[in-house]
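Peer 1: First the structure, which I've put down as C-alpha cells, then a few questions once you've had a look.
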Amino acid sequence: MSPSEPKPKPKKNLRSENSICDSDPSNPQSVKPESSSSSNSISEVNKASVIQVCADHAIHYSPDKPAKVFEHPVENVRRAIAHFYSRGGHQKITNPCGWLIQCLEWEWWHDDLQFVGLQGLLS
C-alpha cells in the first residue's frame, strides 16, 4: 500500500454492538418449558445445599444472583471442592468461584481419579 492510498475502513464488530440478543419466540429451541413447582423446589433445595457446601470452604455465591454452580448436583460440587484443594486451594487459585464453575463444567476432578489410578498401576 502506498502512502497516497487511503487506508481501508475497519470492519465493524457486530458482537460488540449487539451485546444482548433477543431470542425469537417462534423458534421452538429458544422457548423454555414452564417448570413445575416440584422441580422448582428441588432446585431450591439443591441451591441451598450448594451454597452451604461452598460457604463451608470460604467460596461464596449470592443466593439472589444466578450462577452456573447451582445447576450441578451437590455431590459434584463436593468433588470439585476436593479437586480445588488438590490444586492448591485458596493459596493458588485467586478466583475460586469462577474456577469451581469451570471445574464443574469440565469435570476436572476426574484428573485426580485418573492420577490415583495411575499411581496404583505404577506401584
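The values are calculated or read from the model by the stated rules, or taken from the named source; none is laboratory data. These numbers come from a predicted model, not from an experiment. A quick note on method: Cβ atoms are made from the backbone with ideal geometry, for glycine too, and the neighbour counts reach across all protein chains shown. In case anyone asks, the SASA skips ligands and DNA or RNA and just uses the protein heavy atoms, side chains included. Shrake-Rupley method; radii C 1.70, N 1.55, O 1.52, S 1.80 Å.
Peer 1: Considering only segment 76-108, state which residues are among the small types (Gly, Ala, Ser) and out of contact with any Leu (no Cβ under 6 Å at 6 or more places or on another chain).
Peer 2: Answer for segment 76-108, where residues must be among the small types (Gly, Ala, Ser) and out of contact with any Leu (no Cβ under 6 Å at 6 or more places or on another chain): ALA82, SER86, GLY88, GLY89, GLY98.
Peer 1: Please find, within segment 61-108, the residue that is nearest to VAL45 (Cα to Cα) out of those that are part of a helix (DSSP H, G or I) and hydroxyl-bearing (Ser, Thr, Tyr).
Peer 2: Once the filter is applied, the top-ranked residue is TYR85.
Peer 1: If only one of ASP22, ASP56 is modelled with pLDDT of 95 or more and either open to solvent by 40 Å² or more (accessible area, probe 1.4 Å) or in contact with a His (Cβ under 6 Å, 6 or more places away or on another chain) (or both), which one is it?
Peer 2: That would be ASP56, the only listed residue that is modelled with pLDDT of 95 or more and either open to solvent by 40 Å² or more (accessible area, probe 1.4 Å) or in contact with a His (Cβ under 6 Å, 6 or more places away or on another chain) (or both).
Peer 1: When segment 77-97 is examined, which residues are found to be under 13 Å from the mean Cα position of the chain (by Cα) and open to solvent by 30 Å² or more (accessible area, probe 1.4 Å)?
Peer 2: ASN95, CYS97
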